[in-house]
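> The structure that follows is given in the form of structure tokens.
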Amino acid sequence: MNEEIIIHVVNRINKSTIITDPFPYIYVESIFPDNFYKSILNSLPKKELLLPASDVYGSGYTDRLVFEFTEPEMHLLAPNIREFWKDMMEWMLGEQFIMVMCRKFGTYLDHRFGELKEAPLEGHAMLARDKQNYKLGPHTDAVRKVLSLLFYLPRNNGYEYLGTSLYKPINNEFRCPGGPHHPFNKFTKIRTIDYKPNSLFVFFKTDSSFHGVEPVNGKNVERDILMYNILTNNKSVGNLSI
């Protein structure tokens, strides 16, 4: 990927402030240069290539469509679109970008794993398109998660309410290492991260990183997100309590 674009992204991340309530996260606007963001929107996979998440992962989320940026799926893209995403994924899934994020959240990685060398990490990326009626109860993500990056991809403003919501359990002692999704009525919504064009929401996985999606309302409303997860292959999940 163009060096100027990489420098822009890294600078935007490095200049962001880590917010710790209710768990560690950053929110970055103008994460990409404007022209590159337009290229991303113009290079999104055609809708017929997106599959229901229920078919791909065996989950019940038929209102979420996904396209995984893996070798078999990439070959389904038109040549020019495939080259765009291949170039982007080589950078995004590479060690350089993973280390940028690890340095940003280094204090929390040290807390969870001790020494970074004890926590081999890898990246996984996919496009998610959430349709009307999609919702996601408060949860803390799978135990392998270390960092979740959500690149919001709306074409226009006016859909801020579609962002990811952050929650605290009504029972202040409640923690969850990861896995199940919980009922909304057992949590208090703290805030919703604005679903704005060209923005990035990143959060660190803990046993209290409860987040979810309020029901997606509005006729023909969709929310596109480039989801990038940094995962650990360490047999020990480490210390999830922050």
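> Collect the residues in the stretch 72-109 that are at pLDDT 95 or above, within 20 Å of the chain's Cα centre (by Cα) and outside any helix (DSSP H, G or I), keeping them in residue-number order.
Within the stretch 72-109, just Phe105 meets the criteria.
> Can you tell which of Glu95, Glu71 is within 21 Å of Ile13 (Cβ to Cβ) and either loosely packed, with under 13 Cβ neighbours inside 10 Å or aromatic (Phe, Trp, Tyr) (or both)? Step through it out loud before you land on a result.
Numbers: Glu71 fails: within 21 Å of Ile13 (Cβ to Cβ).
Matching residue, one of Glu95, Glu71: Glu95.
> I've got another one for you. Can you tell me which condition Tyr167 does not meet? The list is (1) of a type in the set (Ser, Thr, Tyr); (2) surrounded by fewer than 22 Cβ atoms within 10 Å (Cβ to Cβ); (3) in contact with a helix residue (DSSP H, G or I) (Cβ under 9 Å, 6 or more places away or on another chain); (4) outside any loop (DSSP other than H, G, I, E, B), and all the others hold.
Here Tyr167 clears every test but (2).
> Got a sec? Which of Asn198, Asn220 is in contact with a Phe, Trp or Tyr (Cβ under 6 Å, 6 or more places away or on another chain), at positive phi and either modelled with pLDDT of 95 or more or surrounded by fewer than 20 Cβ atoms within 10 Å (Cβ to Cβ) (or both)?
On the way: Asn220 fails: in contact with a Phe, Trp or Tyr (Cβ under 6 Å, 6 or more places away or on another chain).
After ruling out the rest, the residue left standing is Asn198.
> Now, a different point. Pick from the stretch 196-226 the residues that are in contact with a strand residue (DSSP E or B) (Cβ under 7 Å, 6 or more places away or on another chain) and acidic (Asp, Glu): which of them is nearest to Leu166 (Cα to Cα)?
Within the stretch 196-226, the match that is nearest to Leu166 (Cα to Cα) is Glu214.
> Still on this structure, please answer the following. Residue under question is Leu76, and the condition is that it be out of contact with any helix residue (DSSP H, G or I) (no Cβ under 6 Å at 6 or more places or on another chain) and among the aliphatic types (A, V, I, L, M); does it hold?
On the way: out of contact with any helix residue (DSSP H, G or I) (no Cβ under 6 Å at 6 or more places or on another chain): no; among the aliphatic types (A, V, I, L, M): yes.
Considered against the rule, which asks whether it is out of contact with any helix residue (DSSP H, G or I) (no Cβ under 6 Å at 6 or more places or on another chain) and among the aliphatic types (A, V, I, L, M), Leu76 comes out as no.
> Then there's this: Asn80 - would you say it is of a type outside the set (Gly, Ala, Ser), surrounded by fewer than 17 Cβ atoms within 10 Å (Cβ to Cβ) and closer than 30 Å to Ile242 by Cβ?
Details: of a type outside the set (Gly, Ala, Ser): yes; surrounded by fewer than 17 Cβ atoms within 10 Å (Cβ to Cβ): yes; closer than 30 Å to Ile242 by Cβ: no.
The answer is no for Asn80.
> Mind checking whether some residue in the stretch 49-60 is at pLDDT 95 or above and among the charged types (D, E, K, R)?
no
The values are calculated or read from the model by the stated rules, or taken from the named source; none is laboratory data. Please read these numbers as outputs of a predicted model, since none were measured by experiment. Glycine gets a Cβ as well: all are built from the backbone with ideal geometry, and neighbour counts include every protein chain shown.
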